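Nothing in this text is a laboratory measurement; each read-out follows from the coordinates by a stated rule. Values in this document were obtained by computation on a predicted structure and should not be read as measured data. Counting neighbours? That spans all protein chains shown, and the Cβs are built from the backbone with ideal geometry, glycine included.
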Amino acid sequence: MYRRRRLTAIALVIVLLLGIGYLNRSAIRSVFDVAFGNEYSSSSDVKALFTIKSGEDGSQIAQALVDAGITKTFSATYKSIIVSGATFYPGVYSLTKQMNSHDAISALADKANFIDISVLIKEGTRASTIFKILSDKYQTPIADFDKVKPADLGLPAEALNLDGYLFPARYTFDPGQSALSMLRTMHDRMQEEIAKANIPPKDVHRILTLASIIQREGRYKSDFYKISRVFLNRIKVGMALQSDATVSYGANSLSYTTTAAQRADNNPWNTYSFQGLPAGPISAPGADAIDAALHPASGSWLYFCTVNLETGETEFTSTLAEHERSVAKWRAWMIANPGW
């Protein structure tokens with residue numbers, strides 16, 4: 001009887017030890033991996049930024065962790081990835097050097113370690129500004145962006161530069177991705193918008209040019225369609241567009257107001273000097289501006305004037321006398337708001 005109880009007790013102890021061993025199998029495996037040189041024996045305080053690129057699988061991530069000095073061996077790291085069953089998302093993560101592979105994989109699955117590397121390109125942004133935003137965010141030399149020509153992206157022959165052909169949206173690019181690849185992604189997104197709007201190839205440059213001016217001249221979607229009609233009415237009757245936004249672009253200025261010298265300058269974007277649309281787009285138009293260029297409002301307006309730059313209140317008029325009254329309101333607002 002005593003012997004049977006003793007055997008039973010031993011069996012229970014063995015089962016308990018096996019259970020504890022199973023529950024702590026990762027820790028036990030780590031001890032053995034350290035002993036056999038597959039894991040680091042101690043972690044480091046040195047911070048390390050680790051990038052998971054789009055399309056990378058578990059084996060590639062495991063090797064990249066080893067190459068970065070974050071984990072010690074491919075075998076231990078890949079084993080931890082398989083055991084964890086974790087799903088990895090492209091992006092940059094904050095880790096440390098010389099981590100245990102299990103801890104490294106857990107850290108990659110923790111959103112707290114994710115660093116947002118997305119960029120928002122707003123509607124109405126010029127290509128030169130887009131280049132700077134991307135260069136600053138991804139540390140790609142701005143000269144690499146300047147080297148990309150319209151032909152590199154397959155733009156229409158009329159395109160003199162990339163303005164208007166890069167769709168404004170939020171993007172996430174891989175660190176180290178080439179300037180050409182980033183810009184091609186943005187152009188591909190614009191191509192999607194062009195296809196969605198059913199713009200015939202022969203009209204693409206014209207529509208994007210008009211949409212880019214609408215985007216820069218207007219603030220509210222409801223005004224976009226009226227602004228579109230004003231410009232089209234002016235083209236129809238042979239009036240110059242007289243858009244300060246195009247003049248500012250031609251003068252390489254970011255100001256919404258222009259000088260007499262700028263309005264007299266002989267460049268293909270000066271719509272005071274030349275009738276019709278300028279040589280090409282002046283900014284990145286969004287979906288609403290493109291839609292407004294295609295579907296202008298009905299009306300006889302030939303003029304518009306923003307009478308309050310703070311609220312964006314804009315008046316649309318059909319005669320010069322009406323327009324001059326709007327301009328007087330704008331001037332009075334400017335006097336009341338110096339330095340705006």
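Name the residue from His205, Ser273, Val247 whose Cα lies farthest towards the positive end of the charge dipole of segment 186-334, charges +1 on Cβ of Lys and Arg and -1 on Cβ of Asp and Glu.
Ser273
Counting only C-alpha contacts under 8 Å and six or more residues apart, can you give the relative contact order of segment 85-137 as a whole percent?
35 percent.
Any idea which of Ser181, Gly299, Ile282 is furthest toward the positive side of the dipole for the chain, if Lys and Arg beta-carbons carry +1 and Asp and Glu beta-carbons -1?
Among Ser181, Gly299, Ile282, the one farthest towards the positive end of the dipole of the chain is Ser181.
Taking segment 267-340, which GluC sites (Glu not before Pro) meet the DSSP loop condition and have no more than 14 other C-beta atoms within 10 Å?
Here the sparse-neighbourhood loop sites are Glu310.
Grab the other residues whose beta carbon is less than 11 angstrom from that of His323, score K and R as +1, D and E as -1, and report the net.
Net charge around His323: -1.
Okay, helix-only estimate at 222 nm for the chain: each DSSP H run of n ≥ 4 adds -39500 (n - 2.57), divide by all residues, round to 500 deg cm²/dmol; what do you get?
Details: 14 runs with 166 residues, N = 340.
Helix contribution divided over all residues of the chain: -15000 deg cm²/dmol.
Stokes-Einstein D for segment 201-336 at 20 °C, 1.002 mPa s, Kirkwood Rh over Cα pairs, in µm²/s?
Values: Rh = 15.0 Å.
My calculation gives 143 µm²/s for D.
Is there a quick way to get the dipole size of segment 118-196? I mean about its Cα centre, with the Cβ of Lys and Arg at +1 and of Asp and Glu at -1; what is the value in debye to the nearest 20?
For segment 118-196, the charge dipole is close to 160 debye.
Please work out the ratio of the alpha-carbon Rg of the chain to 2.2 N^0.38 Å and round it to two decimals.
Details: Rg = 30.9 Å, N = 340, 2.2 N^0.38 = 20.2 Å.
It is 1.53.
Once you keep just the Cα pairs under 8 angstrom separated by 6 or more residues, what percentage relative contact order results for the chain?
It rounds to 13 percent for the chain.
Can you list residues whose amide H is under 5 Å from Tyr303's amide H, if they're 5+ apart or on another chain and H is modeled 1.01 Å from N?
Residues meeting the criterion, in which the H sits 1.01 Å from N, are Thr317.
With equal scatterers on the alpha carbons only and no solvent term, can you work out the Debye log10 of I(q)/I(0) for segment 57-124 at 0.12, 0.28 1/Å?
After summing over all Cα pairs, the log10 values are -0.32, -1.37.
Can you sort Met190, Met239 so the residue with the fewest Cβ neighbours within 10 Å comes first?
Met239, Met190
Which shape class applies to segment 234-314: rounded if a/c is under 1.5, otherwise prolate when a/b exceeds b/c and oblate if not, where a ≥ b ≥ c are the square roots of the Cα gyration tensor eigenvalues?
rounded
Of Lys122/Lys236; Lys72/Lys137; Lys149/Lys236; Lys47/Lys147; Lys226/Lys329; Lys122/Lys202, which ones are farther than 24 Å apart at the Cα?
Lys122/Lys236; Lys72/Lys137; Lys149/Lys236; Lys47/Lys147; Lys122/Lys202
State the answer as a single residue: which of Gln139, Tyr165, Ala195 lies farthest towards the positive end of the charge dipole of segment 118-196, with beta carbon charges of +1 for Lys and Arg and -1 for Asp and Glu, about the Cα centre.
About the Cα centre, the residue reaching furthest to the positive side is Gln139.
Listing Ile81, Ile117 from the residue with the fewest other Cβ atoms within 10 Å to the one with the most, what is the order?
Ile117, Ile81
Taking the alpha-carbon distance from Lys132 and a cut-off under 13 Å, which aspartates and glutamates remain once sequence neighbours fewer than 8 residues away in the same chain are dropped?
Lys132 reaches Asp144, Asp146.
Rounded to two decimal places and with Rh computed the Kirkwood way over Cα pairs, what is Rg over Rh for segment 118-196?
0.92
Only Lys, Arg, Asp and Glu count, each charged at its Cβ (+1, +1, -1, -1), so figure out the dipole size of the chain about its Cα centre, rounded to 20 debye.
With only Lys, Arg, Asp and Glu charged at Cβ, the dipole is about 1280 debye.
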